[in-house]
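Only one structure is covered here, and it is reproduced in the block below.
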Amino acid sequence: RATDISTDVLRAFGLEAKELGTVVDVFTATITNSNTTIEMLGQSMKFVAPVASKLGYTVQEVSAMLGVMSQSGIKAGMAGRSLRMAMMRLSGAASRFNMEGKDLINVLKEMASKNYSPERLVSQLKTMFGLRSTPAILALMQSLDLYDEFYEKLRHSEGAAQRFTDSLKTVWRSFKEL
């Protein structure tokens, strides 16, 4: 199943077969550093990957967003659908509020810098991204520092799958020695 999910994401992002290792490393780093599983990450990606790819987001950026949302309990299809809707509505929403850019994280950082009251912030998010996306986007917005850290980890995740496999072998050897 993990292979199926990885190849689906590879295709959705328009990546070449030689980049499968990168996708596997990013996924491994995502599931080992957040509160999600490969199945949940696959469910999320099923909804958001085609749109994110066309809008110029990378596997690392999207995985970081999904990993951060998972830390707040927003996972699987809910995370993917919410993120997809936010990305699709972003450019129109940002221009309505005199914000520049078509990058979700930068728009959220700009909104965070405005120090809106909680009521105004929720209202702005609901207007910009829709009622259903608001909880997920609010969770992401409240964890922008975590996103930055997570994204950096994923950008430098080369070899994560191998390190994870090696750690499992070490655990297995320890059990055998007992």
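The values are calculated or read from the model by the stated rules, or taken from the named source; none is laboratory data. As the structure is a prediction and not an experimental result, all values here were calculated from the model. Please note: Cβ atoms are built from the backbone with ideal geometry, for glycine as well, and neighbour counts cover all protein chains shown. SASA here: full protein model, heavy atoms, side chains in, ligands and nucleic acids out. Shrake-Rupley method; radii C 1.70, N 1.55, O 1.52, S 1.80 Å.
General remarks:
- Pairs, first modelled with pLDDT of 90 or more in the range 110-138, second part of a loop (DSSP other than H, G, I, E, B) and not basic (Lys, Arg), C-beta under 6 Å, six or more apart: Ala136/Ile74
- Val23 falls short on exactly one of the conditions (1) touching a Leu at 6+ places or on another chain (Cβ under 7 Å); (2) open to solvent by less than 50 Å² (accessible area, probe 1.4 Å); (3) modelled with pLDDT of 90 or more, and that condition is (3).
- Looking across Ala64, Ala29, Ala112, Ala12, one residue alone is surrounded by 19 or more Cβ atoms within 10 Å (Cβ to Cβ) and under 24 Å from Thr134 (Cα atoms). It is Ala64.
- Total residues in the range 46-60 satisfying the condition of being over 16 Å from Met88 (Cβ atoms) and crowded, with 19+ Cβ neighbours inside 10 Å: the figure is 2.
- Residue selected from the range 115-138 under the condition among the polar types (S, T, N, Q) and over 22 Å from Gln71 (Cβ atoms), by the criterion least open to solvent (accessible area, probe 1.4 Å): Gln124
- Within the range 89-109, considering residues that are closer than 18 Å to Val48 by Cβ and in contact with a Ser or Thr (Cβ under 9 Å, 6 or more places away or on another chain), the one most open to solvent (accessible area, probe 1.4 Å): Lys102
- Counting the residues of the range 113-123 that are outside any helix (DSSP H, G or I) and not small (Gly, Ala, Ser) gives 3.
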